[in-house]
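Below is one structure, written out as structure tokens; the observations come after it.
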Amino acid sequence: MSYLPYAVAAWICLVGIAGVATSRNLIHLAICLTVMQSSSYVLLLSVGYVKHGKAPIFKGTKLGTTAVDPVVQALTLTDIVVSVAVIALILGLALDAHRLSGTVDPDRLADISG
Amino acid sequence: MSWIPPLLVAIPLLAAAVTAGLDHITPRPVQDALVVAASAATTAFAFVLLWSTERREVVHWFGGWRPHHGIALGIDFAAGPLAAGMCAVIGLVVTLALLYSLTFLREAARLFDALMLVALAAMCGFAMSGDLFNLFVWLELMGVAAYALTGFQVERLGPVQGAVNFAITNSIGGYLFAVGIALLYARTGALNLAQIGDALSHGSAGGLVIVAMTLLLCGFLVKGAVVPFHLWAADAYAVAPAPVCAVLGGVMTDIGLIGVARLHWAVFAVPFGNGHAVGDVLLWLGIVSALLAGTMAFLQRHLKRMLAYSVVCHIGIMLAGIGLLDSSGLAGAELIFLAHALLTAGLFFVAGILHVDHGLIDELHLRGRARGCWALAAAWFAGTIGLVGTPYAGIYLGHGLIDEGATAIGRPWVPALLWLGSALAGAALFRAGGRIFLGWGDEDDPLLGEAMEEDPLEREVLRPLLVGVALVAVVLGVVVSVVPGLGQRAEYAADRFRDTSGYAARVLRDRPTSPPPSLSISIRHTSLDSLLYGAGATIVALGLAFVGLHRRRLPRAVAAAGGRTLASPIRVLHALHSGVVGDYVTWVAVGTAVTGAAWALLLRG
């Protein structure tokens with residue numbers, strides 16, 4: 001078993017969070033959020049990976065053929081769908097912010113605080 | 001009765017689809033009737049479910065994919081009395097909010113109703129889900145609906161900023177949760193909660209499970225607005241329309257806590273059950289939330305922000321109750337949830353009415369404007385009394401059960417801190433009530449900072465309906481502590497919820513639950529300590545409110561000394577709640593790291 005995919009997933013997650021925390025542009029920030037979420041795709045796929053495993057389509061294959069885990073692929077797909085909805089909403093809000101204030105910098109948007 | 005759980009999700013989702021799809025065809029009254037009827041029907045079914053879970057957990061396997069030899073093949077809803085009770089409260093609050101918004105948000109598009117119903121379905125699904133990944137999906141679904149509802153009035157900048165902060169912070173929480181799911185799946189090969197718990201009960205848990213637990217629970221704590229993950233809450237509540245605030249603050253924020261409790265007792269109680277490491281971290285997070293948010297509530301002049309911090313304060317008390325890890329604590333958290341959901345909703349409704357009447361939502365600007373509005377004043381003060389926990393009102397019984405639980409496990413100092421938290425939040429609400437409804441106090445108070453930009457709200461509303469809904473919510477919330485038999489049933493529900501092996505046996509092997517004991521129908525009595533604490537908290541709240549109103553009349557030496565010592569901590573507190581989303585995300589990351597480090601040290605050391 002290789003540890004590389006797990007290290008990559010952790011790295012992507014941390015880079016994504018750092019990007020979100022320091023971003024000065026809402027669109028850039030939304031992309032950072034997608035980057036952060038990609039770490040869970042990498043993690044899920046590497047969890048379900050089996051060496052020399054075939055795609056999990058069992059029609060016409062012999063019983064006992066090694067295949068990768070189909071569950072994690074379904075999870076990854078669902079994960080992607082969920083994040084698309086969130087990202088679309090954030091991008092929509094970024095458009096509104098730009099229309100109302102002429103900026104997409106979250107620091108300059110800070111209208112309410114305390 | 002296993003056909004009921006899916007209905008709680010299916011009815012609101014179908015009604016939402018019909019409302020959104022037939023927007024331009026059906027006349028408005030038909031649409032309104034459909035929306036309210038769907039929400040009321042969901043509530044009614046939730047009560048039927050609550051009744052039928054008295055004997056055993058109601059489990060529904062989707063598509064009939066039942067477990068095979070103790071291995072879960074499909075996806076299930078598993079509802080016990082606690083989950084069913086949550087659904088009933090959620091349904092009730094959403095129904096009240098929909099009635100309130102019939103005239104309050106008349107010009108709003110139909111999408112508003114559809115989004116409220118989607119949020120209702122997602123919250124019910126979340127409360128009943130027996131599958132880890134489905135918890136994530138429901139969490140994100142209610143999140144997306146809530147972000148859209150918060151930013152509903154996009155013609156102004158405030159709602160956009162509030163919705164952006166809310167959406168980004170909660171998405172980060174959701175993604176942490178997703179990574180946690182992947183780790184737990186890697187370790188156990190299961191997604192069903194009972195199955196994961198089964199798999200982890202053999203052998204030692206190890207570091208991977210600690211990391212997974214940290215990510216999963218912190219994901220929920222972000223949703224639950226627990227300090228230091230709470231920073232989004234005040235921004236979102238300040239700008240959302242009042243009925244949306246009632247749903248967000250009353251039930252949706254609190255629902256993160258049922259996720260924490262469910263995950264703890266279904267999955268992590270066996271591997272980490274020895275000792276109090278997991279519970280103590282939750283307990284301290286709860287205590288810090290209660291005290292910090294209580295203080296922040298006192299420093300607000302925007303009514304909805306004040307209520308937002310009051311919500312965070314009570315969330316902290318509930319989390320502390322859960323963190324005691326015994327039945328009394330959990331039962332206390334349940335009862336506080338019930339009373340707090342209705343009272344908070346009622347107070348947000350009152351704030352919305354004040355906003356419509358005067359176009360103002362700022363405590364100082366509203367000073368004396370609502371003199372003579374006796375119905376509103378009664379609702380506001382009764383709600384506040386309920387939220388402080390004055391003996392035998394509102395959250396008192398829940399507080400009392402938490403006191404008992406804390407004393408039983410040898411932490412008698414916990415109740416004092418928690419009562420202080422609710423006294424602080426109550427003081428803020430008393431002060432606002434005194435200023436607005438009685439015209440007491442100074443006209444200006446530099447302690448409370450600058451006013452936020454007001455949003456003049458000019459609407460034709462059916463005022464008696466709004467006042468009526470607010471009064472119903474407050475009255476239902478206040479009487480929670482004196483409903484005969486409720487305390488005993490909450491304790492029984494907590495016992496059942498904490499029974500890890502019973503839950504797994506029922507879900508995976510369809511074993512019958514042991515028959516319920518006969519529960520008495522009498523008012524649950526509390527200890528003398530709780531009675532004194534409740535009375536003390538009320539006096540402290542009233543005293544602080546009075547000081548807040550008449551600070552100028554204090555002897556000059558006292559005022560000057562107080563000002564010198566308190567000025568800089570208050571400045572720091574205000575500065576921490578900066579309204580900049582990058583800061584919030586940093587706090588989420590730091591909070592997760594510190595929580596995980598604490599668990600790693602306590603559980604491995």
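Summary of values
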| item | result |
| --- | --- |
| Average partner coverage of B:150-159, which counts Cβ from other chains inside 10 Å | 4 |
| Taking N as its residue count, the alpha carbon Rg of region B:187-293 over 2.2 N^0.38 Å | 1.22 |
| Equivalent ellipsoid, region B:1-101 (semi-axes from 5 times Cα gyration tensor eigenvalues, Å) | 30, 17, 8 |
| Average Cα contact separation per residue, chain A, under 8 Å, 6 or more apart, as relative contact order % | 27 percent |
| Taking the convex hull of Cα positions in chain B, its mean projected area over all directions (nm²) | 25.6 nm² |
| Computed helical MRE - 222 nm, chain B, DSSP H runs ≥ 4 contributing -39500 (n - 2.57), nearest 500 | -23500 deg cm²/dmol |
| Square roots of 5 times each gyration tensor eigenvalue, C-alpha, region B:399-440, largest first, Å | 32, 8, 4 |
| Within region B:539-583: backbone nitrogen closer than 18 Å to the B:Trp440 label point (7 Å, Cα to C-beta) | B:539-555 |
| Rounded to the nearest 20 debye, dipole of chain B from Cβ charges on Lys, Arg, Asp, Glu | 620 debye |
| Measure of compaction for the protein assembly as shown (Cα Rg per 2.2 N^0.38 Å) | 0.92 |
| Chymotrypsin sites (Phe, Trp or Tyr not before Pro) within region A:1-44, DSSP loop, no more than 10 other Cβ atoms inside 10 Å | A:Tyr3 |
| Neighbour-count ranking [beta-carbon atoms within 10 angstrom, fewest first] of B:Thr42, B:Thr565 | B:Thr565, B:Thr42 |
| Cα-based equivalent ellipsoid, region B:64-113: semi-axes from gyration tensor eigenvalues, Å | 38, 15, 5 |
| Other protein chain Cβ atoms within 10 Å, averaged over every residue that makes up A:9-20 | 3 |
| Radius of gyration and maximum dimension Dmax of region B:393-520, Cα, Å | 22.3, 66 |
| Tail fraction, Cα-Cα pairs, chain A, threshold 16 Å, whole percent | 68 percent |
| Alpha carbon centroid spacing (whole Å) that separates region B:254-301 from region B:431-490 | 27 Å |
| Residue-averaged beta-carbon neighbours from other chains (10 angstrom radius) around A:87-95 | 5 |
| Two-decimal Rg to Rh for region B:252-313 - Kirkwood Rh, Cα set | 1.13 |
| Over chain B, relative contact order from alpha-carbon pairs under 8 Å, at least 6 apart, % | 16 percent |
| Total formal charge among the other residues, if their Cβ is under 13 angstrom from that of B:Lys304, Lys/Arg +1 and Asp/Glu -1 | -3 |
| Net +/- balance of residues flanking B:Ser527 in space, Cβ distance below 9 Å, scoring K and R +1, D and E -1 | -3 |
| Rg followed by Dmax, in Å, when region B:243-372 is reduced to its Cα trace | 17.2, 59 |
| Helix axis angle, A:4-22 relative to chain A longest principal axis, alpha carbon, degrees | 10 degrees |
| Total charge dipole magnitude, chain A, about the Cα centre, Cβ charges on Lys, Arg, Asp, Glu only, Debye to nearest 20 | 580 debye |
| Projected label distance in nm at A:Ile27 and B:Ala37, using a 7 Å step from Cα toward the beta-carbon | 4.7 nm |
| Three principal axis lengths of region B:73-188 [C-alpha, angstrom, descending] | 50, 31, 19 |
| Net dipole in debye of the protein assembly as shown [+1 Lys, Arg Cβ; -1 Asp, Glu Cβ; about Cα centre; nearest 20] | 700 debye |
| Cα-Cα P(r), region B:316-359, percent of pairs per 5 Å interval | 6, 23, 18, 14, 11, 10, 9, 6, 4, 1 |
| Efficiency of FRET from Cβ geometry, A:Ile80 and B:Arg66, R₀ 30 Å, rounded to 0.05 | 0.50 |
| Residues of type aspartates and glutamates that A:Lys54 reaches as a straight line, Cα spacing below 18 Å, ignoring anything fewer than 8 places off in the same chain | A:Asp69 |
| B:Arg156-B:Ala597 pseudo-label distance in nm [points 7 Å out on the Cα-to-Cβ vector] | 4.1 nm |
| Dimensions in Å of region B:471-541 - Rg and Dmax from alpha carbons | 17.3, 53 |
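The numbers here are math on the coordinates, done by the rules we state, and not lab data. Keep in mind that this is a model prediction, so the values were computed, not measured. All Cβ positions, glycine included, derive from the backbone under ideal geometry; neighbour counts span all protein chains shown.
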